[in-house]
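Asker: One structure, pasted below without further comment.
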Amino acid sequence: MGDLELLLPGEAEVLVRGLRSFPPREMGSGGWNQQHENLEKLNMQAILDATASQGEPIQELLVTHGKIPTLVEELIAVEMWKQKVFPVLCRLEDFKPQNTFPIYMVVHHEASIVNLLETVFFHKEVCESAEDTVLDLVDYCHRKLTLLVARSGCGGPPEEESQYSTPIQELQKQAELMEFEIALKALSVLRYITDCVDSLSLSTLNRMLSTHNLPCLLVELLEHSPWSRQEGGKLQHFEGGRWQTVAPSEQQKLSKLDGQVWIALYNLLLSPEARARYHLTSFAKGQLLKLRAFLTDTLLDQLPNLADLQGFLAHLALAETQPPKKDLVLEQIPEIWERLERENRGKWRAIAKHQLRHTFSPSEQDLRLQAQRWAETYRLDILEAVTPERPHCAYCSAEASKRCSRCQSEWYCCRECQVKHWEKHGKACVPAVQGDRAK
């Protein structure tokens, strides 16, 4: 591993070997919380390894111990919890938590897993080790990208600056913003899956090209570019978890997310395996030909391989659409979402009530211990190494160098900003409930 280590090789292997999937009912439990902390450590170590370019043992351990399918199942389980249990929980009359941090951890769990998958799926052997669950992961990515396209017509992701009257409303808004960031991570995961298009099963190819028509969905993403916006006459890109103004001299530079879309399109349209199976209907032809307007000389200078895509589109413009050969194929189908839904159908309200009583009403001592564990997990030197840029003040957005001493999660540029932000942050700060009760 690199010079800066969060986990020793032996420790990392123990954590990887212990990974397992939890049913929705157990989200937020003691065992689940321990695994969430372990995943965060693996996440940070994987980023450190990738940054140091000295081998990537986390990725190798996940493949060796066959844990990629486990991560995919855990990802879909928490996605389902957020859709089926979280809204019910928020509507319960007796749900008035004094501290929302335990629930936030479950909401954040999906982001933790998809971030780890984004880091390790860069390697083709990881995609191969996903085995049949790659179908489930393709469906997951499709769900996220569909929501991303839909959101682009509604003004993009929510703003963080607004004030909210209750901790639950604050948590719901945080979850909504997080959903946007998760979708952007899912785009990168999907692009890495398309890198393996020539070795994917026929079922996976058909799922991507026929069931979901991913090439057309990717065209829509390029058209709407939900990670870009104009604010006050200035171009902004969503990067590093926030909107950042792009300097005029950098505006012709291809953004990372636009690059992911172009590479995915290149893989899906120019791979011999994929081309043989993609049904180019008149609708698909019309959508794909929209790409010609984006293929400028500036773009081709940055991604020269797109010249091949330009040639493909020139040929497509003159070609007649023809139905493909209808081969008889026995297809696999994704089964994780359907199985979890079947196992828990009619139980969502009962799960919410169970978690309200046993999971999300922790004692003062439990909160104190949890805060201490998280402070140990998120070591400052590690956070600085895995963060691509300096953190920004939660109140004024200036570059920050100080953290909340209680929860260690919010950053501030000065004491004055921290005091001004406390009215909002105090509702979510982990140990805040202890101080309030002690008064």
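Asker: For G55, state whether it is out of contact with any Cys (no Cβ under 8 Å at 6 or more places or on another chain), among the small types (G, A, S), surrounded by fewer than 18 Cβ atoms within 10 Å (Cβ to Cβ) and modelled with pLDDT of 95 or more.
Answerer: no
Asker: Can I47 be described as part of a helix (DSSP H, G or I), hydrophobic (A, V, I, L, M, F, W, C) and in contact with an Asp or Glu (Cβ under 7 Å, 6 or more places away or on another chain)?
Answerer: no
Asker: Tally the residues that are surrounded by 11 or more Cβ atoms within 10 Å (Cβ to Cβ) and either part of a helix (DSSP H, G or I) or modelled with pLDDT of 95 or more (or both), restricting the search to the stretch 318-332.
Answerer: Selection size over the stretch 318-332: 0.
Asker: Quick check, is V189 at pLDDT 90 or above, out of contact with any Phe, Trp or Tyr (no Cβ under 9 Å at 6 or more places or on another chain) and assigned to a helix (DSSP H, G or I)?
Answerer: Considered against the rule, which asks whether it is at pLDDT 90 or above, out of contact with any Phe, Trp or Tyr (no Cβ under 9 Å at 6 or more places or on another chain) and assigned to a helix (DSSP H, G or I), V189 comes out as no.
Asker: Is it the case, given these coordinates, that L288 is in a helix (DSSP H, G or I), more than 21 Å from the chain's Cα centre (by Cα) and within 30 Å of S210 (Cα to Cα)?
Answerer: Against the criterion (in a helix (DSSP H, G or I), more than 21 Å from the chain's Cα centre (by Cα) and within 30 Å of S210 (Cα to Cα)), L288 qualifies.
Asker: Out of (1) at pLDDT 90 or above; (2) buried (at least 18 other Cβ atoms within 10 Å of the Cβ); (3) assigned to a helix (DSSP H, G or I), what's the single condition that is false for H237?
Answerer: (3)
Asker: For the stretch 124-141, which positions are surrounded by fewer than 19 Cβ atoms within 10 Å (Cβ to Cβ) and of a type outside the set (D, E)?
Answerer: Of everything in the stretch 124-141, just one residue is surrounded by fewer than 19 Cβ atoms within 10 Å (Cβ to Cβ) and of a type outside the set (D, E), namely K124.
Asker: Any chance the stretch 41-50 includes a residue that's farther than 20 Å from N344 by Cβ, touching a Pro at 6+ places or on another chain (Cβ under 7 Å), buried (at least 19 other Cβ atoms within 10 Å of the Cβ) and in contact (Cβ under 8 Å) with a residue 12 or more places away in the chain?
Answerer: The answer is yes, given that some residue of the stretch 41-50 is farther than 20 Å from N344 by Cβ, touching a Pro at 6+ places or on another chain (Cβ under 7 Å), buried (at least 19 other Cβ atoms within 10 Å of the Cβ) and in contact (Cβ under 8 Å) with a residue 12 or more places away in the chain.
Asker: Here's another thing I want to ask about it. I need the helices (runs of 4 or more DSSP H) fully contained in the stretch 333-410, keeping only those with at least 1 residues that are at pLDDT below 75.
Answerer: By residue number, 364-377, 380-386.
Asker: Moving to a separate point now. Please determine, by comparing only the residues of the stretch 11-40 that are small (G, A, S) and in contact (Cβ under 8 Å) with a residue 24 or more places away in the chain, which one is surrounded by the most Cβ atoms within 10 Å (Cβ to Cβ).
Answerer: Among those that are small (G, A, S) and in contact (Cβ under 8 Å) with a residue 24 or more places away in the chain, it is A12.
Asker: Please count how many residues of the stretch 174-219 are of a type in the set (D, E, K, R), buried (at least 21 other Cβ atoms within 10 Å of the Cβ) and more than 19 Å from the chain's Cα centre (by Cα).
Answerer: Number satisfying all stated conditions: 1.
The values are calculated or read from the model by the stated rules, or taken from the named source; none is laboratory data. Source: prediction; values computed, not measured. Neighbour counts are summed over all protein chains in view; Cβ atoms, including those assigned to glycine, are modelled from backbone coordinates with ideal geometry.
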